[in-house]
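What follows is a set of notes on a single structure, which appears directly below.
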Amino acid sequence: MENLTKKKYYRALTIAGSDPSGGAGLQADLKTFSALGCYGMSAVVAVVDENTVGVTGVHPIPVDFVRGQIKSCLDDIGADAVKIGMLHSSELILAVHDTLRNYDIPGGVVLDPVMVATSGDPLLMHDAVATLRDVLIPSARVITPNIPEAEILLGRPISRQSDLRRAAEELSQGKRVSVLLKAGHLSDSVLTDIFYNAEDDTVTELSSPRLSTVNTHGTGCTLSSAVASYLARGYELTDAVRSAKEYITGAISAGAEYAIGHGHGPVHHFFNMWKN
(Lines give C-alpha, C1' and ligand atoms only; values in the text may rest on other atoms or scores of the structure.)
Protein backbone atom coordinates (compact mmCIF):
# COMPACT_ATOMS: atom_id res chain seq x y z
CA MET A 1 0.00 0.00 0.00
CA GLU A 2 2.88 2.38 0.80
CA ASN A 3 4.25 2.18 -2.76
CA LEU A 4 0.86 3.21 -4.16
CA THR A 5 1.04 6.55 -2.36
CA LYS A 6 4.59 7.43 -3.34
CA LYS A 7 5.60 9.55 -6.32
CA LYS A 8 6.80 7.89 -9.51
CA TYR A 9 9.82 8.73 -11.62
CA TYR A 10 9.69 9.22 -15.37
CA ARG A 11 11.91 6.31 -16.44
CA ALA A 12 14.19 6.23 -19.47
CA LEU A 13 16.56 3.47 -20.57
CA THR A 14 19.46 3.93 -22.97
CA ILE A 15 20.95 1.00 -24.85
CA ALA A 16 24.24 2.33 -26.15
CA GLY A 17 28.03 2.31 -26.09
CA SER A 18 30.13 3.95 -23.40
CA ASP A 19 32.18 7.09 -24.10
CA PRO A 20 34.86 7.48 -21.40
CA SER A 21 35.31 11.17 -22.25
CA GLY A 22 31.67 11.79 -21.29
CA GLY A 23 30.45 13.68 -24.34
CA ALA A 24 28.61 11.01 -26.30
CA GLY A 25 27.12 7.54 -25.92
CA LEU A 26 25.34 6.47 -22.79
CA GLN A 27 27.10 9.16 -20.72
CA ALA A 28 25.50 11.86 -22.88
CA ASP A 29 22.18 10.03 -22.70
CA LEU A 30 22.21 9.80 -18.91
CA LYS A 31 23.15 13.47 -18.60
CA THR A 32 20.28 14.39 -20.91
CA PHE A 33 17.78 12.21 -19.04
CA SER A 34 18.81 13.88 -15.78
CA ALA A 35 18.71 17.40 -17.21
CA LEU A 36 15.18 16.80 -18.51
CA GLY A 37 13.74 15.27 -15.36
CA CYS A 38 13.96 11.54 -15.98
CA TYR A 39 15.39 8.63 -14.01
CA GLY A 40 18.06 7.22 -16.32
CA MET A 41 19.16 3.61 -16.75
CA SER A 42 21.67 2.12 -19.15
CA ALA A 43 22.48 -1.15 -20.88
CA VAL A 44 26.08 -1.03 -22.12
CA VAL A 45 26.59 -2.63 -25.55
CA ALA A 46 30.26 -1.72 -26.03
CA VAL A 47 33.10 -0.03 -24.22
CA VAL A 48 34.54 2.48 -26.67
CA ASP A 49 38.05 3.88 -26.37
CA GLU A 50 37.48 7.44 -27.54
CA ASN A 51 37.82 11.09 -26.71
CA THR A 52 37.15 14.41 -28.42
CA VAL A 53 39.79 13.63 -31.07
CA GLY A 54 38.58 10.23 -32.25
CA VAL A 55 37.86 6.56 -31.67
CA THR A 56 40.82 4.27 -30.89
CA GLY A 57 38.97 1.02 -30.33
CA VAL A 58 35.64 -0.69 -29.63
CA HIS A 59 35.31 -3.57 -27.16
CA PRO A 60 31.89 -5.24 -27.63
CA ILE A 61 29.97 -6.57 -24.64
CA PRO A 62 28.76 -10.19 -25.14
CA VAL A 63 25.28 -10.17 -26.63
CA ASP A 64 23.73 -12.32 -23.91
CA PHE A 65 25.09 -9.94 -21.29
CA VAL A 66 23.51 -6.97 -23.09
CA ARG A 67 20.22 -8.85 -23.16
CA GLY A 68 20.57 -9.50 -19.43
CA GLN A 69 21.15 -5.81 -18.66
CA ILE A 70 18.00 -4.82 -20.55
CA LYS A 71 15.94 -7.48 -18.81
CA SER A 72 17.32 -6.52 -15.40
CA CYS A 73 16.21 -2.92 -15.88
CA LEU A 74 12.82 -3.61 -17.45
CA ASP A 75 11.82 -6.58 -15.26
CA ASP A 76 12.46 -4.56 -12.09
CA ILE A 77 12.03 -0.85 -12.82
CA GLY A 78 10.42 -0.70 -16.26
CA ALA A 79 10.73 2.20 -18.69
CA ASP A 80 8.46 4.90 -20.05
CA ALA A 81 10.73 5.32 -23.08
CA VAL A 82 13.84 3.67 -24.52
CA LYS A 83 16.63 5.26 -26.52
CA ILE A 84 18.85 3.03 -28.66
CA GLY A 85 22.24 4.22 -29.84
CA MET A 86 25.22 2.39 -31.31
CA LEU A 87 24.55 -1.29 -32.09
CA HIS A 88 27.61 -2.55 -33.91
CA SER A 89 26.54 -5.97 -35.22
CA SER A 90 23.57 -7.83 -36.70
CA GLU A 91 23.59 -10.29 -33.80
CA LEU A 92 23.29 -7.47 -31.29
CA ILE A 93 20.57 -5.67 -33.26
CA LEU A 94 18.48 -8.84 -33.39
CA ALA A 95 18.99 -9.50 -29.67
CA VAL A 96 17.91 -5.99 -28.66
CA HIS A 97 14.88 -6.17 -30.94
CA ASP A 98 13.80 -9.59 -29.65
CA THR A 99 14.25 -8.54 -26.01
CA LEU A 100 12.35 -5.25 -26.20
CA ARG A 101 9.36 -6.76 -27.99
CA ASN A 102 8.41 -8.51 -24.73
CA TYR A 103 7.84 -5.24 -22.82
CA ASP A 104 5.27 -2.48 -22.76
CA ILE A 105 7.04 0.85 -23.24
CA PRO A 106 4.40 3.63 -23.25
CA GLY A 107 6.54 6.31 -24.90
CA GLY A 108 8.06 3.92 -27.38
CA VAL A 109 11.57 3.46 -28.72
CA VAL A 110 13.73 6.27 -30.10
CA LEU A 111 16.43 4.90 -32.38
CA ASP A 112 19.51 6.92 -33.28
CA PRO A 113 20.94 4.87 -36.19
CA VAL A 114 24.57 5.54 -35.27
CA MET A 115 26.95 4.46 -38.01
CA VAL A 116 29.79 7.00 -37.96
CA ALA A 117 31.29 9.02 -35.10
CA THR A 118 31.59 12.82 -35.25
CA SER A 119 35.29 12.28 -35.93
CA GLY A 120 34.44 10.20 -39.03
CA ASP A 121 35.30 6.81 -37.50
CA PRO A 122 32.94 3.94 -38.48
CA LEU A 123 30.92 2.44 -35.61
CA LEU A 124 28.70 -0.11 -37.37
CA MET A 125 29.73 -3.29 -39.17
CA HIS A 126 28.88 -3.08 -42.87
CA ASP A 127 26.70 -6.20 -42.87
CA ALA A 128 24.60 -4.84 -39.97
CA VAL A 129 23.11 -1.98 -42.00
CA ALA A 130 20.45 -4.18 -43.61
CA THR A 131 19.49 -5.67 -40.24
CA LEU A 132 19.15 -2.22 -38.75
CA ARG A 133 17.02 -1.04 -41.67
CA ASP A 134 14.82 -4.12 -42.04
CA VAL A 135 14.39 -5.30 -38.43
CA LEU A 136 15.00 -2.60 -35.85
CA ILE A 137 13.84 0.56 -37.60
CA PRO A 138 10.29 -0.77 -38.25
CA SER A 139 9.92 -1.51 -34.52
CA ALA A 140 10.93 2.01 -33.40
CA ARG A 141 8.54 4.89 -32.82
CA VAL A 142 11.04 7.52 -33.97
CA ILE A 143 14.40 7.42 -35.74
CA THR A 144 16.82 10.36 -35.77
CA PRO A 145 19.30 9.96 -38.64
CA ASN A 146 21.69 12.63 -39.84
CA ILE A 147 22.20 13.06 -43.57
CA PRO A 148 25.13 10.60 -43.98
CA GLU A 149 23.15 7.95 -42.09
CA ALA A 150 20.04 8.63 -44.18
CA GLU A 151 22.13 8.32 -47.35
CA ILE A 152 23.39 4.90 -46.24
CA LEU A 153 19.88 3.72 -45.38
CA LEU A 154 18.39 5.01 -48.63
CA GLY A 155 21.34 4.16 -50.87
CA ARG A 156 21.39 7.58 -52.54
CA PRO A 157 22.80 11.07 -51.90
CA ILE A 158 20.97 13.90 -50.17
CA SER A 159 22.51 17.18 -51.20
CA ARG A 160 19.92 19.94 -50.73
CA GLN A 161 17.45 21.14 -48.12
CA SER A 162 14.65 20.44 -50.59
CA ASP A 163 15.62 16.73 -50.58
CA LEU A 164 14.94 16.27 -46.87
CA ARG A 165 11.16 16.01 -46.84
CA ARG A 166 11.03 13.27 -49.45
CA ALA A 167 13.91 11.45 -47.75
CA ALA A 168 12.20 11.57 -44.35
CA GLU A 169 8.95 10.23 -45.77
CA GLU A 170 10.84 7.47 -47.59
CA LEU A 171 12.71 6.50 -44.42
CA SER A 172 9.37 6.10 -42.62
CA GLN A 173 8.85 2.85 -44.55
CA GLY A 174 5.23 3.48 -45.50
CA LYS A 175 4.26 5.46 -42.38
CA ARG A 176 5.58 2.75 -40.07
CA VAL A 177 8.03 4.95 -38.16
CA SER A 178 8.36 8.70 -37.58
CA VAL A 179 11.57 10.34 -38.78
CA LEU A 180 13.56 13.30 -37.50
CA LEU A 181 16.03 13.98 -40.32
CA LYS A 182 18.79 16.32 -39.17
CA ALA A 183 20.17 18.98 -41.51
CA GLY A 184 23.49 19.65 -39.77
CA HIS A 185 25.63 18.31 -42.62
CA LEU A 186 24.25 20.84 -45.09
CA SER A 187 26.15 24.10 -45.55
CA ASP A 188 23.17 26.44 -45.10
CA SER A 189 23.44 29.26 -42.53
CA VAL A 190 20.07 28.21 -41.09
CA LEU A 191 19.64 24.53 -40.29
CA THR A 192 16.14 23.19 -40.85
CA ASP A 193 15.57 19.67 -39.57
CA ILE A 194 12.55 17.86 -40.97
CA PHE A 195 10.26 15.85 -38.72
CA TYR A 196 7.85 13.48 -40.41
CA ASN A 197 5.22 12.30 -37.94
CA ALA A 198 4.00 8.98 -39.32
CA GLU A 199 1.24 8.82 -36.71
CA ASP A 200 -0.68 11.78 -38.13
CA ASP A 201 1.04 12.14 -41.54
CA THR A 202 2.35 15.66 -40.86
CA VAL A 203 5.67 17.37 -41.55
CA THR A 204 7.20 19.91 -39.17
CA GLU A 205 10.18 22.12 -40.01
CA LEU A 206 12.49 22.82 -37.07
CA SER A 207 14.92 25.65 -37.80
CA SER A 208 17.89 27.00 -35.87
CA PRO A 209 20.89 29.18 -36.82
CA ARG A 210 24.16 27.42 -37.57
CA LEU A 211 26.63 28.03 -34.76
CA SER A 212 30.36 28.30 -35.38
CA THR A 213 31.74 25.77 -32.90
CA VAL A 214 33.81 22.59 -32.84
CA ASN A 215 31.95 21.41 -29.73
CA THR A 216 29.53 19.07 -31.46
CA HIS A 217 30.62 15.73 -29.95
CA GLY A 218 27.54 13.75 -28.96
CA THR A 219 24.91 16.03 -30.51
CA GLY A 220 23.08 13.10 -32.10
CA CYS A 221 23.09 11.09 -28.88
CA THR A 222 21.86 14.09 -26.93
CA LEU A 223 19.05 14.97 -29.34
CA SER A 224 17.68 11.43 -29.52
CA SER A 225 17.83 10.98 -25.75
CA ALA A 226 16.05 14.33 -25.35
CA VAL A 227 13.23 13.05 -27.58
CA ALA A 228 13.06 9.91 -25.42
CA SER A 229 13.01 12.02 -22.26
CA TYR A 230 10.03 14.06 -23.38
CA LEU A 231 8.19 10.96 -24.58
CA ALA A 232 8.85 9.36 -21.18
CA ARG A 233 7.25 12.43 -19.62
CA GLY A 234 4.12 11.91 -21.70
CA TYR A 235 4.55 14.61 -24.35
CA GLU A 236 2.75 14.23 -27.64
CA LEU A 237 5.14 13.09 -30.37
CA THR A 238 5.62 16.34 -32.32
CA ASP A 239 5.79 18.35 -29.08
CA ALA A 240 8.50 15.98 -27.78
CA VAL A 241 10.57 16.43 -30.94
CA ARG A 242 10.11 20.20 -30.96
CA SER A 243 11.12 20.44 -27.28
CA ALA A 244 14.15 18.21 -27.92
CA LYS A 245 15.24 20.46 -30.78
CA GLU A 246 15.03 23.49 -28.47
CA TYR A 247 17.07 21.66 -25.85
CA ILE A 248 19.89 20.61 -28.19
CA THR A 249 20.04 24.11 -29.69
CA GLY A 250 20.51 25.55 -26.21
CA ALA A 251 23.07 22.89 -25.27
CA ILE A 252 25.15 23.53 -28.40
CA SER A 253 25.00 27.29 -27.93
CA ALA A 254 26.10 27.07 -24.29
CA GLY A 255 28.75 24.45 -25.02
CA ALA A 256 30.31 26.68 -27.66
CA GLU A 257 31.51 28.99 -24.89
CA TYR A 258 33.79 26.33 -23.38
CA ALA A 259 37.24 25.02 -24.30
CA ILE A 260 37.53 21.31 -23.54
CA GLY A 261 39.63 18.62 -25.19
CA HIS A 262 41.71 18.90 -28.35
CA GLY A 263 39.05 17.98 -30.89
CA HIS A 264 35.25 18.07 -30.99
CA GLY A 265 34.19 19.01 -27.47
CA PRO A 266 30.78 18.17 -25.99
CA VAL A 267 27.60 20.20 -25.74
CA HIS A 268 26.57 21.61 -22.35
CA HIS A 269 23.91 19.20 -21.13
CA PHE A 270 23.14 21.19 -17.99
CA PHE A 271 23.10 24.66 -19.54
CA ASN A 272 19.69 25.41 -18.03
CA MET A 273 20.87 24.45 -14.53
CA TRP A 274 24.42 25.76 -14.06
CA LYS A 275 27.32 27.51 -15.72
CA ASN A 276 30.84 28.41 -14.65
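The values are calculated or read from the model by the stated rules, or taken from the named source; none is laboratory data. Everything numeric here is computed off the predicted structure, so don't read it as measured data. All Cβ positions, even for glycine, are placed from backbone atoms using ideal geometry, and neighbour counts span all protein chains on display. SASA here: full protein model, heavy atoms, side chains in, ligands and nucleic acids out. Shrake-Rupley method; radii C 1.70, N 1.55, O 1.52, S 1.80 Å.
Scanning the stretch 217-241 for residues that are over 14 Å from Asp200 (Cβ atoms), part of a helix (DSSP H, G or I) and open to solvent by 20 Å² or more (accessible area, probe 1.4 Å) gives Thr219, Cys221, Tyr230. Filtered by the rule that a residue be buried (at least 24 other Cβ atoms within 10 Å of the Cβ) and not in a helix (DSSP H, G or I), the stretch 1-39 gives Ala12, Leu13, Thr14, Ile15, Ala16, Gly17, Asp19, Gly23, Ala24, Cys38.
Residues in the stretch 188-196 include none that are in contact with a Phe, Trp or Tyr (Cβ under 8 Å, 6 or more places away or on another chain) and open to solvent by less than 10 Å² (accessible area, probe 1.4 Å). Gly57 meets all of the listed conditions (1) without any contact (Cβ under 8 Å) to a residue 12 or more places away in the chain; (2) open to solvent by less than 30 Å² (accessible area, probe 1.4 Å); (3) assigned to a loop (DSSP other than H, G, I, E, B); (4) of a type outside the set (A, V, I, L, M, F, W, C) but one, namely (3). Name the single residue that is farthest from the chain's Cα centre (by Cα) among those in the stretch 71-97 being assigned to a loop (DSSP other than H, G, I, E, B) and either surrounded by 24 or more Cβ atoms within 10 Å (Cβ to Cβ) or not aliphatic (A, V, I, L, M) (or both). Looking at residues that are assigned to a loop (DSSP other than H, G, I, E, B) and either surrounded by 24 or more Cβ atoms within 10 Å (Cβ to Cβ) or not aliphatic (A, V, I, L, M) (or both), I get Gly78. Restricting Ser212, Ser208 to residues that are modelled with pLDDT under 95, in contact with a helix residue (DSSP H, G or I) (Cβ under 6 Å, 6 or more places away or on another chain), of a type in the set (Gly, Ala, Ser) and within 21 Å of Thr249 (Cβ to Cβ) narrows the list to Ser208.
Taken as a whole, the condition of being more than 29 Å from Ser18 (Cβ to Cβ) and either small (Gly, Ala, Ser) or under 15 Å from the mean Cα position of the chain (by Cα) (or both) applies to Ser207. Among the residues of the stretch 156-179, are any surrounded by fewer than 18 Cβ atoms within 10 Å (Cβ to Cβ), of a type outside the set (Phe, Trp, Tyr), in contact with a Lys or Arg (Cβ under 6 Å, 6 or more places away or on another chain) and more than 19 Å from Leu206 (Cα to Cα)? No, every residue in the stretch 156-179 fails to be surrounded by fewer than 18 Cβ atoms within 10 Å (Cβ to Cβ), of a type outside the set (Phe, Trp, Tyr), in contact with a Lys or Arg (Cβ under 6 Å, 6 or more places away or on another chain) and more than 19 Å from Leu206 (Cα to Cα). Can Ala259 be described as of a type outside the set (Asp, Glu), part of a helix (DSSP H, G or I) and either modelled with pLDDT of 90 or more or open to solvent by 10 Å² or more (accessible area, probe 1.4 Å) (or both)? No: the conditions fail for Ala259.
The set of residues in the stretch 133-148 being open to solvent by less than 10 Å² (accessible area, probe 1.4 Å), under 21 Å from Leu92 (Cα atoms) and in a helix (DSSP H, G or I) consists of Leu136, Ile137.
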